[in-house]
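> Quick one: the structure is below, questions incoming.
The values are calculated or read from the model by the stated rules, or taken from the named source; none is laboratory data. On a predicted model such as this, the values are computed, not experimentally measured, just so you know. Cβ placement follows ideal geometry from the backbone for every residue including glycine, while neighbour counts extend to all protein chains displayed.
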Amino acid sequence: MNFGRTKVVLLAAIFALAVSAPAFADSVLYSQSFDQTGNANASQNDTSQNGYGNFATTYDYWNISPGGLYSVNEVQFTGEYFNGNPGTITGWTVNVYFDGGGKPGTLQHTAHISGNGNETFLGTYGGFQTYTYDIKSLGFQELSGIPYWLSVVPDLPFPPQWGWSTSAQGGNKAYQDYFDQHGPLGTNQAFTLIGTPEPGTLVMLGTGVLGLAGAIRRKLS
């Protein structure tokens, strides 16, 4: 058996996978579905003359199983209005943080997107008008097997308030900053991360394949 030729063929295949990775279709990387209870946690940047500013931020935790690098290109989530009639969202801040010992730590990525985040009416749950949101073109590169935190904050004049809807899935690790109060919520938030594996992931996978080929050669020599 010609193992030198086998390695060349494997390297060629790995290179082809790596250069074609950006063309892969996005898929769901992680998801916590909406629990339909009408429960939500406040998250909002008040743009009115009240001057409250970013008085509430809700965060939730995620950790994708090991497998290399991946790119989060899109985040979908569910939210609702309370303490007033539905308002007009003019922008979103989407942040990703490293874990800081069971709470959001150092900021890793931030993006501000103008518009209402493709706000779409979902229905009324628990007496609250609830909407879905879909923010695209993020391009956040992450490493699997490492815990991260996500926050989504709308630019919305108060009143009303906006809240990130809860989920029955996850580790009940959501966290919130609310004025001068900071602490865990004991809930999960409804969101889905969509993206693609990065070329580096495929290269690492291919390196493992070459290692296996080498192991076979040593056993057969």
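> Might you check whether a residue that is within 12 Å of the chain's Cα centre (by Cα) and either surrounded by 19 or more Cβ atoms within 10 Å (Cβ to Cβ) or without any contact (Cβ under 8 Å) to a residue 40 or more places away in the chain (or both) occurs anywhere in segment 37-50?
No, that holds for no residue.
> Next question. Every residue in segment 187-198 that is at pLDDT 95 or above and in a strand (DSSP E or B), please.
Hits for segment 187-198 are N188, Q189, F191, T192, L193, I194, G195.
> Take T201 and decide whether it is at pLDDT below 95, in contact with a Leu (Cβ under 6 Å, 6 or more places away or on another chain) and over 30 Å from T47 (Cα atoms).
Taking the combined requirement at face value, the residue satisfies it.
> Restricting attention to segment 14-31, does a residue exist that is of a type in the set (S, T, N, Q), modelled with pLDDT of 95 or more and within 19 Å of N172 (Cα to Cα)?
Yes: segment 14-31 contains one or more residues that are of a type in the set (S, T, N, Q), modelled with pLDDT of 95 or more and within 19 Å of N172 (Cα to Cα).
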